Every structure is written in structure tokens, then in C-alpha cells.
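K.L.:
The structure that follows is given in the form of C-alpha cells.
The values are calculated or read from the model by the stated rules, or taken from the named source; none is laboratory data. Since we're looking at a predicted model, the values are computed, not measured. Quick reminder, even Gly has a Cβ in these numbers, built from the backbone with ideal geometry, and neighbours come from all protein chains shown.
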Amino acid sequence: MKLLSIAAAMALSLSALVSCSGNGGSMSVDVADTLLTVDNLYADPLAFVGDTIQVEGVCSHLCSHGGTKAFMQGESGEYTLRMQATPAIDGAFSPDCAGQRMLARGILREDRVGKAEIDSLERAYMLRQEREAALGSDAGEKMSEGKKGKHCDADAKARGFDTVVTPAERLARMRAEIDSRLKSEGKEYISYFYLETISYEVKE
């Protein structure tokens, strides 16, 4: 892959301590980092799972619930990377990040979701539907509106669900993705990736 080759060529071998500033001040880590764009990363994310990398892109959204999650969008607009705050940055991203170009540094993690997890999500969804039906249409609508307001659309987009409307459709999409991956790769789960962020800076 040409994009991945370019990214590999940009690998930064650091023999001395490197300091990056973020919301949590500065910290020093003696590791080898790989500098990527979001699009570079998603060309082959499995190649970087567990590695400390640096990713540059635009912060398209910042979670309003304490700033614990920020989302970095690729140049193509096709991919969005979730960045999870850690104690190293005081557990939150600065509000100044929203809409700005960022350089984030952290460990790429993989979340695996299999059929058992989807079955559990489906049971929870069905129970909620039953509770809403028992409370009546008005109460059910208010509960649904409350859930909708709390849901982070950016998180859904990072998982590829930006065009899916209902939880039932999301679950159906996830099942289809698992079936497809089982046939093509022999893996009975789908993978979602996020950056366990240990430092970051807003680019001027």
C-alpha cells in the first residue's frame, strides 16, 4: 500500500526523551513513534495495534460530557478516529481542541465486538422498548428523546454508523459485518479502533 509505505517512511526513531504538551501539561516518554494521518492509519490499522503512534488531523468533534473523547477526521472525510483521554492528560481534552488541527500521541487500541456482545445489546434494546411501551407512547417518546440527546453522533460515525438511524439497524449492520468478515478472514468479530491518548497539542 502506497499510503502505508509513506507512513512507514515517516517513522520517528527517538533515542532521547521526547516532550509533548497537552491539557495535562508535559510528559516524557522514551519510545519510537510513528507519525500518521487518519487516512494513513486506516489503510491498515491492525499493523499499529498496541504501538505508540502520533496522528495528525482536524478535531471534528469534542465530547460535551467532560471532554473525555475527541474525534479526529481524516482529509478524505471517510474515516474518523476516536481519541480517548487518559490520566496523562488529566482525563479530558481542552475545549480549545474543537475544530482545530491537532497532533495526538498515544497507543492504538482495538475493541472487538462479537455475536455474544451484539446479542447482549439486542436484549438491552428489547427491554428498553418493552419499558417504553408499558409507560405509554408519550413517556416512551420522552425517554427516546432523552437517549437521543445523550448519544454522541461522532462516536457512531467513528464506528461507521453515520447513515444508520435506529439501534435495530445498527445491530443488523454489525451482524452483517461479522458474517462478511467470517467469510473473508475467518474472524467472527468486528474491530473498532481508538487512540489511548497520552499527550497532544493544538497546531497553530
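K.L.:
Identify all residues within the range 109-137 that are of a type in the set (Asp, Glu) and either outside any helix (DSSP H, G or I) or surrounded by 14 or more Cβ atoms within 10 Å (Cβ to Cβ) (or both); write none if there are none. First the steps, then the outcome.
P.N.:
So the first thing to find is which residues in the range 109-137 are of a type in the set (Asp, Glu), and the list is 110-111, 117, 119, 122, 130, 132.
Hits for the range 109-137 are Glu110, Asp111, Glu117, Glu122, Glu132.
K.L.:
Filter the range 48-74 down to the residues that are part of a strand (DSSP E or B) and among the small types (Gly, Ala, Ser) and list them by number. Give the steps one after another, and end with the answer.
P.N.:
Taking the range 48-74 first, the residues part of a strand (DSSP E or B) are 52-62, 69-73.
Passing the criteria: Gly57, Ser60, Ala70.
K.L.:
Also: Say whether the condition of being surrounded by 15 or more Cβ atoms within 10 Å (Cβ to Cβ), on the phi > 0 side of the Ramachandran plot, modelled with pLDDT under 90 and in a loop (DSSP other than H, G, I, E, B) is met by at least one residue in the range 162-181.
P.N.:
Here is the first cut: in the range 162-181, the ones surrounded by 15 or more Cβ atoms within 10 Å (Cβ to Cβ) are 164, 167, 170-171, 173-175, 177-178, 181.
Restricting the remaining residues to those that are on the phi > 0 side of the Ramachandran plot gives none.
No, the conditions are met nowhere in the range 162-181.
K.L.:
Restricting to the range 57-84, give me the number of residues that are under 14 Å from Ser199 (Cα atoms), out of contact with any Asp or Glu (no Cβ under 9 Å at 6 or more places or on another chain) and crowded, with 17+ Cβ neighbours inside 10 Å.
P.N.:
So in the range 57-84, the residues under 14 Å from Ser199 (Cα atoms) come out as 68-70, 83-84.
Now restrict to residues that are out of contact with any Asp or Glu (no Cβ under 9 Å at 6 or more places or on another chain): 68, 70.
Next, from what is left, pick out any that are crowded, with 17+ Cβ neighbours inside 10 Å: 70.
Total meeting the criteria: 1.
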